[in-house]
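These notes concern the structure reproduced below.
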Amino acid sequence: MCLCPGSHPGSGAQAGEAGAMSAEGWDTGPGGHPGASGAGPCPPGTASAPWSLPHWRACLAAAVLCYINLLNYMNWFIVAGMLLDIQNFFQISDSNAGLLQTVFICSLLLSAPVFGYLGDRHGRKATLSVGILLWSGAGLSSSFISPQHPWLFFLSRGVVGIGSASYSTIAPTVLGDLFVRDQRTRVLAIFYIFIPVGSGLGYVLGSAVLQLTGNWHWAFRVLPCLEAVALILLIALVPDPPRGAAEKQEEVAMGALRSSWCEDVRYLGRNWSFVWSTLGVTAIAFVTGALGFWAPKFLFEARVVHGLQLPCLQDLCNEQDSLIFGILTVVTGIIGVVLGAEASRRYKKVNPRAESLICAYSLLIAAPCLYLALILAPVTLLASYVFLALGELLLSCNWAVVADILLSVVVPRCRGTAEALQITVGHILGDASSPYLTGLVSSTLRAGRPDSYLQSFLSLQQSFLCCTFVIALAGGCFLLTALRLERDQARARQLDTGTPGSKDTESQALLSGTGAAAKDP
């Protein structure tokens with residue numbers, strides 16, 4: 001089914017909008033121009049014809065962006081599919097191998113705000129192209145690194161993270177300017193489906209190419225071929241719409257003045273829907289980071305406790321639990337994203353706060369599901385798997401909906417910065433720290449107990465329990481988001497259309513570059 005944006009009316013719509021502005025109290029001076037009498041506090045800039053794009057072109061552009069998102073997340077996890085071979089080639093220990101992902105995430109974190117700034121002020125299509133060139137070039141070059149220079153391989157993963165940051169930050173804002181309302185929710189759902197699909201295919205591609213060629217280097221040579229196709233499609237088929245184009249708003253509605261990055265950040269810091277939803281996203285990232293890192297080991301040790309598996313005392317262990325968990329993640333991710341987006345779309349028809357409430361409800365239900373999965377693991381493994389799958393599905397319900405919240409409460413010209421801040425905060429306080437903290441709690445608990453496999457399992461189980469409370473806190477953050485959602489959505493619409501007389505003079509001043517800030521009424 002093709003998901004197409006709403007129509008963009010021409011001059012007749014402009015006349016209708018002018019009449020609507022007059023009816024809303026805009027002062028009309030000589031010649032019928034709003035604000036010409038001088039009574040309006042902030043006369044709008046000269047409006048040009050609304051930007052428009054044929055429906056099929058918007059659908060085609062969305063398909064290309066989804067394809068690139070698939071490749072983006074394949075790059076995230078392709079190393080994990082052949083990690084042992086990479087370790088043997090470069091003679092990397094387990095502790096140093098873990099740094100590969102750390103370097104990747106840290107590079108992504110440091111570069112995301114930069115790309116958010118560039119995406120809000122310069123051509124987004126050019127920035128996306130540079131990002132693809134960075135990550136594909138770094139991936140290809142890593143396949144030619146000799147075993148005497150492992151530090152170059154670490155460096156290449158850092159450059160891949162920088163390129164990935166450009167796409168993760170900017171691509172959702174392009175979709176936000178091509179689609180609106182229900183259509184945007186559906187398109188974002190499809191876009192975020194490729195997170196679990198791409199993650200799973202990263203494992204598959206790495207291991208499949210390794211089996212076919214017997215050389216892990218070829219995986220890093222195959223993927224750039226797909227990325228070269230993606231770059232050509234991006235340049236040829238994806239437009240760079242004006243910010244706010246889908247809402248029929250003008251890039252210059254408030255004049256040609258631009259705000260500074262600090263003013264954008266201050267505006268976002270006072271946008272409570274953005275603040276609370278970002279804290280909710282951070283809590284979700286904390287839990288998913290801990291699950292992704294420790295859940296396979298937890299499930300393996302649960303099988304040992306049940307007598308279904310011998311303890312792993314050798315270098316190579318049975319990876320059946322990792323495979324099962326990976327399949328669960330892919331399947332529940334796809335179902336959860338579609339379910340969350342569709343539930344939000346339908347619920348929005350009767351409740352304008354649907355997005356935040358869907359997130360809150362799913363997280364508050366996910367908390368007891370994860371708790372039961374942990375508690376029942378030493379009793380019945382089947383029930384533990386069932387509740388773990390339910391918990392993952394409910395967590396996945398939030399991916400597309402959270403992105404829709406951000407796009408609806410932030411003015412288009414600040415969306416890139418908002419995406420970057422949300423990514424940065426979510427990773428720093430979320431999945432970049434939760435695996436370490438979970439392991440630290442487990443090690444601390446185990447230090448005061450007898451040295452046995454059962455006690456090792458119980459220590460990890462109890463360290464995991466903190467994740468259930470973090471999920472509940474995330475649900476509370478989205479309930480607080482619901483209290484402010486309608487007001488912040490209306491404010492974003494007023495500011496981007498340059499409606500004079502808006503009560504929120506603080507944000508108008510920030511976005512018009514005046515720097516004058518007033519208290520939030």
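The values are calculated or read from the model by the stated rules, or taken from the named source; none is laboratory data. For clarity, every value in this text was computed on a predicted model and none was experimentally measured. Remember, those area values only see protein heavy atoms, side chains included, never the ligands or the DNA or RNA. Shrake-Rupley method; radii C 1.70, N 1.55, O 1.52, S 1.80 Å.
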Fill in the blank from the handout: Accessible-area order for 390, 299, 70, largest to smallest, probe 1.4 angstrom, reads 390, 70, 299
Exercise for the section: Keeping all protein chains in place, calculate the accessible area per residue for the range 124-248 (probe 1.4 angstrom), answer in Å². Expected result: 36 Å²
Problem - residue 376 accessible area, 1.4 Å probe, all protein chains in place, Å² to nearest 10 - result: 40 Å²
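Mean shadow of the range 319-383, computed from the convex hull of its alpha carbons, in nm²?
Seen from a random direction, the Cα hull of the range 319-383 projects 5.2 nm² on average.
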Exercise for the section: Kindly sort 454, 308 by accessible area of their heavy atoms, largest first, with the probe set to 1.4 Å. Expected result: 308, 454
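Keeping the other protein chains in place, figure out the carbon and sulfur percent of the accessible area of the range 96-185, with a 1.4 Å probe. Write down the numbers at each step before the final one.
On the way: 2270 of 3110 Å².
In the range 96-185, the share of accessible area belonging to carbon and sulfur is 73 percent.
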Fill in the blank from the handout: The ratio Rg/Rh over the Cα atoms of the range 318-426, Rh being the Kirkwood inverse mean 1/r radius, stands at 1.07
Problem - residue 374 - accessible surface, heavy atoms, 1.4 Å probe, Å² rounded to 10 - result: 10 Å²
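Kindly identify the range 93-174 as rounded, prolate or oblate by the Cα gyration tensor criterion: order the square roots of the eigenvalues as a ≥ b ≥ c, call it rounded if a/c is under 1.5, otherwise compare a/b with b/c, prolate if a/b is larger, else oblate.
Because a/c hits 1.5 or more and a/b exceeds b/c, the range 93-174 counts as prolate.
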Exercise for the section: Take the Cα pairs of the range 422-479, get the Kirkwood Rh, then feed it into Stokes-Einstein at 37 °C and 0.692 mPa s and tell me D in µm²/s. Expected result: 258 µm²/s
Practice task
List the extent of the Cα atoms of the range 370-486 along each of their three principal axes, largest first, rounded to whole Å.
Solution key: 58, 28, 20
Handout entry: the range 387-448: mean projected area of Cα convex hull, nm²
Key = 5.7 nm²
Problem - HN-Hα J in Hz across the range 328-339 - Karplus 6.51, -1.76, 1.60, θ = phi - 60°, x for Gly and Pro - result: 4, 5, 5, 5, 5, x, 5, 5, x, 4, 5, 4
Exercise for the section: State the Cα centre-to-centre distance between the range 206-244 and the range 445-487 in whole Å. Expected result: 37 Å
Exercise for the section: For the range 392-403, take each phi angle, set θ = phi - 60°, evaluate the Karplus expression 6.51 cos²θ - 1.76 cosθ + 1.60, and give the result in whole Hz per residue in order, putting x for glycine and proline. Expected result: 5, 4, 5, 5, 5, 4, 8, 4, 6, 5, 4, 4
Completion exercise
Ignoring ligands and nucleic acids, residue 371 exposes an accessible area, probe 1.4 Å, in Å² to the nearest 10, of 100 Å²
Exercise for the section: Using a 1.4 angstrom probe on heavy atoms only, work out the carbon and sulfur share of the accessible area of the range 416-477 in %. Expected result: 71 percent
